[in-house]
Amino acid sequence: MTEGNTSLDDKLAAVRRLFVGKLGAKIGEIEVARLRLFEAESEDDAPPALEALIFPVHRLAGSAGSFGFPAVSESASVLEKLLHDIAEDKRLPNDKERWQILALMERLRQSAAKPEAPASSGIDIGRAEQDQPKDGENQTVFLLEDDEELASDLTSQLEHHGYQARVFHNASDLRRAAEKTPPAALILDIIPPDGELAGIEALDDILRACSSPAIVLSRRDDLVSRLQAVRAGAHGYFSKPLDITRIVEALDKMTAAKENDPYRILIVDDDRALAEFYKLLLEKAGMIVEIVTHPLRVMEPLFEFRPDLILMDINMPDCNGIELASVIRQKEDFFRIPIVFLTSESTYGRRLLALQSGGDDFLAKPVRTDLLISSLISRAERARQFDSLISRDGMTGLVNHSKIKELLETEVYRGQRENQPLAFAMIDIDLFKSVNDSHGHWAGDTVIKVLARVLGQRLRKTDIIGRYGGEEFAVILPNTEGADAGRLMNRIRAAFGQIRHIAKNDEFYVTFSCGVATFPAIATPELLTTTADDALYAAKNQGRDRVILAGSQADFAEMSRKPAAAARA
């Protein structure tokens, strides 16, 4: 068990001890409410007295089983149903019902003195954890190439795409280095100076000793050579002259970790102890969780936290879960977020109403941990897939025009709340029409995908990249000052401009222009967009291939060129 899991287990045990310590007080609270109900003199007093009793009983029914008191949960559930039946008639309990209430209260007290084992998950939660992105992913590739000029060119181009290449001129040296420190991938020329057959044997020898995925480079493009490479264990094969873009695409596929951002779960439950209990369980399964204990305060966390799923109780004060789900569904921004009700509510009609109000699933308390986690992961994953279909650009995988505008609103709102700066950049590929006219639309599409990849590789995970339309891109840089954003976009501009593209054996280079606007100098998302767009066209009018910061009109490309010119003078 990892240290993190041990820490979470300790927290779960602490939450359970806290519940056990307060269990007597919870039953005492129910007893006080029961006395007030029994002391009520008129039918007009029945609804508030019953409501005051139902809420603590409901809480106990939902939480006790999770903390190792299933008999308490069962007795409280029976009592809650009885009270609901009485409340529907808007009357005081009759003599028979009073005796039933007293008997159930006694069962509650007796059950509270006999704790059982906490609800078991039935599985190792660690196995249910989401795949987490790995920080500091190894992006070093080993290159076996005897042609020094080609090796130098490949190394330079790979660096522009974010890969560090270590060059070897013979297979033995590469094998020893790979055994000691396996690279992210291997790029191997299978026709070294000592002959074609020796090259295949060397490839087979290297791949037996090193599990890193391998790409083969060769002067030959015949089926026999490709078959030999496949049999040796190669994952890719490229014939010369080389198209670096295709090689990088293959490297990306072979080296990419499964980077699923943790699912974000918003728990809405007025029972703080139980909400904390479920929060710890879900965090142990790799999710990010926030809690709202007052239903009327849910809107701000929805905008701020942007959950993948809402886990909600039904019976809450001021606004029940059914009403709250209906309100949430009225907001277009949250219409697609799954709502899973987790409650001790047992009546069929109530469950049906909960689903009709906009709920997606219904889980009864206490719930097995494996069922809870599996249900939430399944719902959240489907929601993400659906959201991706409608909010992402099919060619690049970046968020689309409408989504980037929505996310800009969210980030500006966050910046206002947290008093943090934000930069917004608009990018347009220079002379893109001439790329399509000269090299074909396939080449234009490749250029767009390369720029999308360069942006994704060089920006932070917290930055948001979108395809704004055609050859235009937008980037949101949270917590970033304008000058820092300008310098960053200029470094990306310089790197992109050095990438060689190939179409029909023709080589060509492409540049982009960029305009940057900043918050809070520009206060609204709409003005940020128009201001960045104006700065972009200022960059175009000043000769393209440059980055302009709105307001200062600073030309970062020109500033980066001056030191180089001075050094040459």
*So which pairs qualify, if the first residue must be in region 521-534 and in contact (Cβ under 8 Å) with a residue 12 or more places away in the chain, the second must be surrounded by 15 or more Cβ atoms within 10 Å (Cβ to Cβ) and in a loop (DSSP other than H, G, I, E, B), the Cβ gap must be under 6 Å, and the two must be at least 6 apart or on different chains?*
Leu528/Ile522; Thr531/Ile522; Thr531/Ala550
_Can you find a residue that is outside the structural domain of Phe303 (by TED's automatic domain parsing) and modelled with pLDDT of 90 or more anywhere in region 200-214?_
yes
*Return yes or no: is Ser326 out of contact with any Gly (no Cβ under 8 Å at 6 or more places or on another chain), assigned to a helix (DSSP H, G or I) and surrounded by fewer than 19 Cβ atoms within 10 Å (Cβ to Cβ)?*
no
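Listed here are the residues, each with its yes/no results for (1) modelled with pLDDT of 95 or more; (2) of a type in the set (Asp, Glu); (3) more than 15 Å from Ile404 (Cα to Cα).
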residue: Leu459; (1), (2), (3): no, no, yes
residue: Glu472; (1), (2), (3): yes, yes, no
residue: Ala483; (1), (2), (3): no, no, yes
residue: Gln498; (1), (2), (3): no, no, yes
residue: Thr531; (1), (2), (3): yes, no, yes
*Give me the pairs, please: first residue somewhere in region 408-432 and in the same structural domain as Thr462 (by TED's automatic domain parsing), second residue anywhere and part of a helix (DSSP H, G or I) and of a type in the set (Ser, Thr, Tyr), beta-carbon distance under 8 Å, and either six or more positions apart or on two chains.*
Leu408/Thr529; Phe424/Thr529; Met426/Thr529
*Which number in (1) among the polar types (S, T, N, Q); (2) within 23 Å of Glu300 (Cα to Cα); (3) surrounded by fewer than 15 Cβ atoms within 10 Å (Cβ to Cβ) marks the one condition that Gln385 misses?*
(2)
*Within region 286-309, work out how many residues are more than 19 Å from the chain's Cα centre (by Cα) and of a type in the set (A, V, I, L, M).*
4
*Within region 215-244, which residues are at pLDDT 85 or above and of a type in the set (Val, Ile, Thr)?*
Ile215, Val216, Val230, Ile244
*Identify, please: which residue in region 341-367 is of a type outside the set (Ser, Thr, Tyr) and either buried (at least 21 other Cβ atoms within 10 Å of the Cβ) or in contact with a Cys (Cβ under 7 Å, 6 or more places away or on another chain) (or both) and is, among those, modelled with the highest pLDDT?*
Phe341
*How about region 87-101: which of its residues are touching a residue at least 40 places away in the same chain (Cβ under 8 Å) and in a helix (DSSP H, G or I)?*
Ala87, Arg98, Ile101
*Among the residues of region 261-294, how many are outside any strand (DSSP E or B), touching a Pro at 6+ places or on another chain (Cβ under 8 Å) and surrounded by 15 or more Cβ atoms within 10 Å (Cβ to Cβ)?*
3
*Could we say that Leu53 is under 40 Å from the mean Cα position of the chain (by Cα) and closer than 17 Å to Met105 by Cα here?*
no
*Just name the residue that is modelled with the lowest pLDDT out of those in region 537-569 that are closer than 25 Å to Gln416 by Cα and surrounded by 24 or more Cβ atoms within 10 Å (Cβ to Cβ).*
Ala550
_Qualifying residues in region 38-69 (those that are touching a Pro at 6+ places or on another chain (Cβ under 7 Å) and surrounded by fewer than 23 Cβ atoms within 10 Å (Cβ to Cβ)) - the one nearest to Lys365 (Cα to Cα)_ = Gly68
*Which condition number does Ala483 fail, the rest of (1) farther than 20 Å from Met395 by Cβ; (2) crowded, with 19+ Cβ neighbours inside 10 Å; (3) of a type in the set (A, V, I, L, M) being met?*
(2)
*asked:* Going by what's in this entry, would Ala495 be described as of a type in the set (Gly, Ala, Ser), in contact with a helix residue (DSSP H, G or I) (Cβ under 9 Å, 6 or more places away or on another chain) and closer than 17 Å to Ile548 by Cβ?
replied: no
*Close pairs from region 308-321: first touching a residue at least 24 places away in the same chain (Cβ under 8 Å), partner of a type in the set (S, T, N, Q) and not in a loop (DSSP other than H, G, I, E, B), Cβ under 6 Å, at least 6 apart*: Asp313/Thr343; Ile314/Thr343
*Within region 210-244, can you find the residues that are surrounded by fewer than 19 Cβ atoms within 10 Å (Cβ to Cβ), within 27 Å of Ala256 (Cβ to Cβ) and more than 36 Å from the chain's Cα centre (by Cα)?*
Asp221, Arg226, Leu227, Arg231, Ser239, Lys240, Pro241
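The values are calculated or read from the model by the stated rules, or taken from the named source; none is laboratory data. Note that this is a predicted model, so its numbers are computed, not measured. Every residue, glycine among them, receives a Cβ derived from its backbone with ideal geometry; neighbour counts consider all protein chains shown.
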